[in-house]
Amino acid sequence: MSEQGGEVLRIEGLRKAFGATEVLKGIDLSVAKGEAVVLLGASGSGKSTLLRCVNFLEIPSAGRVVIDGTAVGRERDGAVLYREAELIPIRAHVGMVFQHFNLFPHMTARENVMEGPRTVLRLPRAECRERAGRYLAKVGLADKMDAYPSHLSGGQQQRVAIARALAMEPRLMLFDEATSALDPELVGEVLQTMKDLSDEGMTMLIVTHELGFAYAVADKVLFLHDGRIHEEGPPDELLVRPREARTREFLRGHASFRLPEAEF
Amino acid sequence: MGYEWDFGIVLRNADLLLLGLANTLKVTGLALAFGLPLGLALALGRLSPRRWLRAPVGLVVEFFRSTPPIVQLFWFFFALPLLTGIEIDPFRASVLTFSIQSSAFFAEVFRGGIVSIERGQWEAAKAIGMARGQALRRVVLPQAVKRMIPAFLERVIELMKTTTLVATVSYADLLYQANNIAQRTYRPLEVFTVAAVLYFVVLFPLSLSVRGLERRLARSGETTAH
Amino acid sequence: MDHVWDFTSVIASRKLLLIGLLHTVELGVLCLVLGLTAGAFVGAARYSRNRWVNWPASAFVEVFRNTPALVQIIWFYFAFPILVPIDIDPFLAATLGLSLNTTAFAAEIYRGGIQSLGRGQWEAARALGMTYGQQLTRIILPQAVKRMVPAFMNRAVELMKMTSLASVIAYGELMHQAKTISTYNFNPIETYTVVALIFFALIYPLALAMQQVERRLRRSE
């Protein structure tokens, strides 16, 4: 794997409730620089919500998110208050890749990638163009710069979305089931792009159902169940010899998982 | 039944009718110019997360959508000057009324267009660090506007039809001119028929383009906002 | 500037307002019933493959949709009597104008509702061996009518507002009564405010109900 540095992300006692239903019931986790951490869990276990709390698309009900040593939000009377103006620079430094890509359909691939650097970072136009070219080339789409999303395959769209997030030169990348909406034959190209990123030392927090990918790429795997981290460990322990019955049951349900040599 | 049509009278007064049509278009155009930006502002107010803003804006929009425009016009023309002590002529009262009245409808067109954009687009914009205003301007509105065009044109048609009310406060629009000529010449049948034809000639092509656009948007898989 | 609001003269005229309100509702309901009924036939005629049926129906719809309702009312009041040997009073002129106007819009709603279903439903019904009439009444209309309800309610809202146009030809509905009251009492501020509020109280519940129905339909589809 990659060399490890300081801590990029720490989550302490994170809770999130939607109305009366508590989805996250106290999560603690830490991601070091260059690490790839994979979150597993059945649907409804809260893994997407956890990811969305890291860039504050969801505002946590309790607990703290610490990014690069700085706790986000201000504590007052036991509650944590968040101001939108404070969250914007956080989001600018944390990239997110969505299940359904969410590319901007009225912009070309290049314009999609330029949009963040231009509008949010306010970089000069020429530099944005250069960045867009560089990151689209990196995800293997140098020849699709001027294509609109509707003319790209699902796999290509998702790689544009990855380039869009990378163009912000984020400290941390979040992947929310990035391959779940893809046709099976397109999954591989996106996973390969993600693996390359991890190999280059990108810090990543990944929600996925691709156990082979988790095995090959993760430094650490967390299994979420019922809003809590039920079990965690390195992939060759958690995925191969899980201690908890629930984890075993979950892994059995993913019969497609074949050990080591898998897809990589 | 042996009525003898005589359109010569209409022809001899064509300049008056055309002047009326020009005035109709002028009121429509001005109401549009003021009503559109105001409508966008009202839509944003109605979509605001702040309740103290959302609730009163919603009430204003609903009030102007749910009361007859002629009542609004009479209020602005007869009541408002007494309340404020500011004289207001028929032209200004008309532009004021129809700007506000149409803005309430445009607000709903804007709102419909904005909420028709999937949540994922807002989230993607947020995720790269955009503020709400940036997300709206750069990502949501450019997509929404395309879907709103048919509904928007539909409102323009309704607006122009509604402006006939200005005749009731003696502003010399097409209907007012027609009425004058009809009374002077005792030829209401020809005059009002021609006036109706003139409205039709302006509005029908607009209607056709609405339908054409809707069909084209439907074919490209776009939904239209109503 | 420092107007002192005084509603006593409006309250004293409540009988006039009440009569006006009754006339408004009467005109609105009558034109709605006439328009929705006739609209079904005109809509069906527009659907017909016979040119002699669908062409006049289309022309009728386009003319009434693309000219102002006020012009229609005034035409029926001042121009139409010249063509027909009958007396046309304000009520009849307003009824003609508004119900034909509603007919034209309703025809389009029927047509749009039926077209929104797509061929699959017709074909499935035909595949079961249903006749054209059975296909229409058993399969198509029950689904289409549900989708048309919000549009019909919207027509009712628009129509209730349009009844106020009848004041222009001196039919004694609410707006006309307001003009009379404000002229006699020199109290346009209070009168028009009250009348605006009455219209709002009459029409807004309809608009609200329409939004409710729309929301429920969207959730069920």
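Observations on the model:
- Odd one out for B:LYS126, checked against (1) open to solvent by less than 20 Å² (accessible area, probe 1.4 Å); (2) within 14 Å of chain A (Cβ to nearest Cβ); (3) not acidic (Asp, Glu): (1)
- Residue within the stretch B:199-214 that is of a type in the set (Val, Ile, Thr) and free of Cβ contacts under 8 Å to residues at least 60 places away in the same chain present: yes
- Residues of the stretch B:181-200 classified as open to solvent by 30 Å² or more (accessible area, probe 1.4 Å) and either more than 14 Å from C:ALA79 (Cα to Cα) or more than 8 Å from chain C (Cβ to nearest Cβ) (or both), total: 9
- Scope the stretch A:85-132; condition within 17 Å of the chain's Cα centre (by Cα) and not in a loop (DSSP other than H, G, I, E, B); matching residues: A:ILE90, A:ARG91, A:ALA92, A:HIS93, A:VAL94, A:GLY95, A:MET96, A:VAL97
- Criterion violated by A:SER150 - all others in (1) closer than 30 Å to A:CYS53 by Cβ; (2) within 11 Å of another protein chain (Cβ to nearest Cβ); (3) not aromatic (Phe, Trp, Tyr) satisfied: (1)
- Selection count where residues are within 13 Å of another protein chain (Cβ to nearest Cβ) and of a type outside the set (A, V, I, L, M, F, W, C), scope the stretch B:100-112: 4
- Residue within the stretch C:138-145 that is surrounded by fewer than 21 Cβ atoms within 10 Å (Cβ to Cβ) and touching a Lys or Arg at 6+ places or on another chain (Cβ under 9 Å) present: no
- Residue check for B:LEU136: over 25 Å from A:ILE90 (Cβ atoms) and either surrounded by fewer than 17 Cβ atoms within 10 Å (Cβ to Cβ) or within 13 Å of chain A (Cβ to nearest Cβ) (or both): no
- In summary, C:ALA106 fulfils each of the numbered conditions (1) surrounded by fewer than 21 Cβ atoms within 10 Å (Cβ to Cβ); (2) touching a Lys or Arg at 6+ places or on another chain (Cβ under 8 Å); (3) farther than 24 Å from C:HIS176 by Cβ with the single exception of condition (1).
- Residue check, A:GLY41 within 13 Å of chain B (Cβ to nearest Cβ), closer than 30 Å to A:PRO235 by Cα, buried (at least 22 other Cβ atoms within 10 Å of the Cβ) and not aliphatic (A, V, I, L, M): no
- Residues considered: C:PRO56, C:PRO85, C:PRO81. Of these, the only one that is under 28 Å from C:TYR110 (Cα atoms) and either buried (at least 22 other Cβ atoms within 10 Å of the Cβ) or out of contact with any Gly (no Cβ under 6 Å at 6 or more places or on another chain) (or both) is C:PRO56.
- Within the stretch C:175-186, at least one residue is facing another protein chain (nearest Cβ under 9 Å), assigned to a helix (DSSP H, G or I) and open to solvent by 20 Å² or more (accessible area, probe 1.4 Å).
- Any chance B:PHE76 is without any contact (Cβ under 8 Å) to a residue 40 or more places away in the chain and closer than 19 Å to B:LEU38 by Cβ: yes
Residue-wise test of (1) of a type in the set (Phe, Trp, Tyr); (2) part of a helix (DSSP H, G or I); (3) touching a residue at least 60 places away in the same chain (Cβ under 8 Å).
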{"residue": "C:VAL29", "(1), (2), (3)": "no, yes, no"}
{"residue": "C:PRO56", "(1), (2), (3)": "no, yes, no"}
{"residue": "C:PHE64", "(1), (2), (3)": "yes, yes, no"}
{"residue": "C:ILE74", "(1), (2), (3)": "no, yes, yes"}
{"residue": "C:ALA79", "(1), (2), (3)": "no, yes, no"}
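- Taken together, A:LEU14, A:LEU87 contain a single residue that is of a type in the set (A, V, I, L, M, F, W, C), open to solvent by less than 40 Å² (accessible area, probe 1.4 Å) and either closer than 20 Å to B:ALA124 by Cβ or free of Cβ contacts under 8 Å to residues at least 24 places away in the same chain (or both), which is A:LEU87.
- Test for A:VAL97: is it at pLDDT 95 or above, touching a strand residue (DSSP E or B) at 6+ places or on another chain (Cβ under 8 Å) and surrounded by 16 or more Cβ atoms within 10 Å (Cβ to Cβ): yes
- Residue match in the stretch B:76-87 (condition: within 21 Å of B:TYR199 (Cβ to Cβ) and either polar (S, T, N, Q) or not in a helix (DSSP H, G or I) (or both)): no
Table: residues versus (1) more than 16 Å from the chain's Cα centre (by Cα); (2) assigned to a loop (DSSP other than H, G, I, E, B); (3) closer than 16 Å to C:GLY35 by Cβ; (4) modelled with pLDDT under 95.
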residue	(1), (2), (3), (4)
C:LEU92	no, no, yes, no
C:SER99	no, no, yes, no
C:PHE105	no, no, yes, no
C:GLY113	yes, no, yes, yes
C:LEU141	yes, no, no, yes
C:LEU159	no, no, yes, no
C:LEU165	no, no, yes, no
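Yes or no, residue by residue, for (1) within 21 Å of B:LEU174 (Cα to Cα); (2) acidic (Asp, Glu); (3) more than 16 Å from the chain's Cα centre (by Cα):
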site	(1), (2), (3)
B:ASP15	yes, yes, yes
B:LEU18	yes, no, yes
B:GLY58	no, no, yes
B:TRP75	no, no, yes
B:LEU82	no, no, yes
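A quick yes/no check of all residues on (1) within 13 Å of chain C (Cβ to nearest Cβ); (2) open to solvent by 10 Å² or more (accessible area, probe 1.4 Å); (3) in a helix (DSSP H, G or I); (4) out of contact with any Asp or Glu (no Cβ under 7 Å at 6 or more places or on another chain):
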{"residue": "B:LYS146", "(1), (2), (3), (4)": "no, yes, yes, no"}
{"residue": "B:PHE152", "(1), (2), (3), (4)": "no, yes, yes, yes"}
{"residue": "B:VAL156", "(1), (2), (3), (4)": "yes, yes, yes, yes"}
{"residue": "B:LYS161", "(1), (2), (3), (4)": "yes, yes, yes, yes"}
{"residue": "B:THR164", "(1), (2), (3), (4)": "yes, no, yes, no"}
{"residue": "B:THR168", "(1), (2), (3), (4)": "yes, yes, yes, yes"}
{"residue": "B:ALA172", "(1), (2), (3), (4)": "no, yes, no, yes"}
{"residue": "B:TYR176", "(1), (2), (3), (4)": "yes, yes, yes, yes"}
{"residue": "B:ASN179", "(1), (2), (3), (4)": "yes, yes, yes, yes"}
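- Checked against (1) assigned to a helix (DSSP H, G or I); (2) open to solvent by 70 Å² or more (accessible area, probe 1.4 Å), A:CYS53 passes all but a single condition, namely (2).
- Only a single criterion out of (1) more than 12 Å from chain B (Cβ to nearest Cβ); (2) surrounded by 15 or more Cβ atoms within 10 Å (Cβ to Cβ) is not satisfied by C:GLU26, namely (2).
- Counting the residues of the stretch A:108-130 that are of a type outside the set (Ser, Thr, Tyr), open to solvent by 10 Å² or more (accessible area, probe 1.4 Å) and touching an Asp or Glu at 6+ places or on another chain (Cβ under 8 Å) gives 1.
- Residues that are open to solvent by less than 10 Å² (accessible area, probe 1.4 Å) and either among the aliphatic types (A, V, I, L, M) or outside any helix (DSSP H, G or I) (or both), drawn from the stretch B:49-75: B:VAL61, B:SER66, B:THR67, B:PRO68, B:ILE70, B:VAL71, B:LEU73
- Among the residues of the stretch C:111-137, just one is touching a residue at least 40 places away in the same chain (Cβ under 8 Å) and open to solvent by 50 Å² or more (accessible area, probe 1.4 Å), namely C:ARG111.
The values are calculated or read from the model by the stated rules, or taken from the named source; none is laboratory data. Computed from a predicted model, the values in this text were never measured in an experiment. When we count neighbours, we look across all protein chains shown, and the Cβ atoms used for this are built from the backbone with ideal geometry, even at glycine. Each accessible area value is taken on the protein alone, full model and side chains, heavy atoms only, with ligands, DNA and RNA left out. Shrake-Rupley method; radii C 1.70, N 1.55, O 1.52, S 1.80 Å.
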